[in-house]
Amino acid sequence: MNQIEANPRHVPEIVDYVVDRLMAEGYADLSDRSDLHLYQDRSLHRQMMEGKIEHTEDVVCATDDIIREMGGRIEGSEEEWNSYQAGAIARLHDIGRFTEITKYGTFNSRVTGFDHSKDGALIFDFLFGNSDEGRILERLGCDLQVIEEAISYHSVKDYRGNNQYVYLIRDADKLALLRRLDFQEDVINRDQNLAAEGYSADVVRQVLADHTSVSHGTVLTKADSLIRLFAFLLNINFDATKGLLLRSAFLPELIKKFQEYSLPNEVIKAMINVVVEEWNKTAKTTTFTRQDFPLVE
């Protein structure tokens, strides 16, 4: 029986045990800290940590969904995914975030200069390298170096290596985020630095002319933040992920939000055309067309 049929959640128990233990230690640390100066309210730190835990579980589900969409095999090949290895990566990919929140009181790496991906890889190596915990993963067919590399590079958009699990976790991370548009919009609405109206020509240009993700430093309005979310679509690796996104509620809801913020339909259509172009550049099994996307009228 294929692993994907045998178990709806493929995180090895040892990974859940280790991560849950770290979370408990992190909560205790937050309760004792009085020097976290970036946010004075420690209850906010706990909310941020709980939000990251929820996101991680969303990524675990998204990873399983993508593998299931592929029929359990790596897209374009006959090689099967190791679902336990994929689940371990999904559960561990943001583990460096908990160092960041307990050390700095924020996940804002632009403020801290902290690389949570590299730190997470170091934590994984410390916890699972040459250890009983690591040997348990190896008995499940997991390759510790593959897991460490996936954690280390999961937020590197120009990764060009051969580790398919890096591309998988990058897709699952975006899929999980985009499925929670309501949460993302709540974060945007709470950002008092964003203008409520209008959009920035430079943000649109990055999508239409450069075909690239939007630099956070150029985001000035709430509409800009939504365009930045949309630009995540420009760097999707697998056709299976693209199909899941097309069938999700995310795109119709986002287009409706664009229109509420008075983004011209011509701009929305042009951005969708860019996504279609980029998706077909990396397509392995499917040809995508404008008709696959929601109608803009």
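With the contact rule set at Cα under 8 Å and sequence spacing of 6 or more, what percent relative contact order holds for the chain?
On the way: 370 pairs, mean separation 48.0, N = 297.
Result for the chain is 16 percent.
With an 8 Å cut-off on Cα pairs and a minimum separation of 6 or more residues, tell me the relative contact order of region 179-292 in percent.
Numbers: 118 pairs, mean separation 31.2, N = 114.
Taking the mean separation of contacting Cα pairs over the length of region 179-292, I get 27 percent.
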Within a Gaussian network of the chain (alpha carbon springs, distance under 10 Å), most fluctuating of ASP202, ASP224, ASP173 = ASP202
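Using a cut-off of 15 Å between beta-carbons, work out the net charge of the residues near THR287 (Lys and Arg +1, Asp and Glu -1, THR287 not included). Present the calculation step by step, with values, prior to reporting the outcome.
Values: positive: LYS242, LYS281, LYS284, ARG290; negative: GLU75, ASP239, GLU277, GLU278, ASP292.
So the surrounding residues net to -1.
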Net charge near VAL296 (other residues with Cβ under 12 Å of its Cβ; Lys, Arg +1; Asp, Glu -1) is +1
Inter-centroid distance (Cα atoms) of region 193-264 relative to region 137-177, Å = 25 Å
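Given a cut-off of 19 Å, name the pairs among LYS256/LYS284; LYS103/LYS157; LYS242/LYS284; LYS157/LYS281; LYS52/LYS174; LYS52/LYS103 whose C-alpha atoms lie farther apart than that in the structure shown. Intermediate results must be reported in sequence, preceding the final value.
On the way: LYS256/LYS284 30 Å; LYS103/LYS157 26 Å; LYS242/LYS284 11 Å; LYS157/LYS281 16 Å; LYS52/LYS174 14 Å; LYS52/LYS103 15 Å.
Violating the 19 Å Cα-Cα cut-off are LYS256/LYS284; LYS103/LYS157.
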(i) 14.6; (ii) 15.7; (iii) 22.7, with the label sought being that of the calculated mean projected area of the Cα convex hull in nm² = (ii)
Taking the alpha-carbon set of region 142-191, what are its Rg and Dmax in Å?
-> 13.9, 42
Region 179-292 - Rg and Dmax from Cα coordinates, angstrom = 13.8, 44
Interchain or sequence-distant (5+) residues whose placed amide H lies within less than 5 Å of the amide H of GLU80 are ILE74
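How long is the gain from SER248 to THR218 if the chain were fully straight, where each residue apart is worth 0.36 nm and the alpha carbon distance is subtracted? Don't jump to the answer; show the numbers that get you there.
Values: separation 30, 0.36 × 30 = 10.80 nm, distance 2.80 nm.
The span from SER248 to THR218 would gain 8.0 nm if fully extended.
Bear in mind these aren't lab numbers, they're just calculated from the coordinates by the rules spelled out. Keep in mind it's a predicted model, so treat the numbers as computed, not measured. We place every Cβ from the backbone using ideal geometry, glycine too, and count neighbours over all the protein chains shown.
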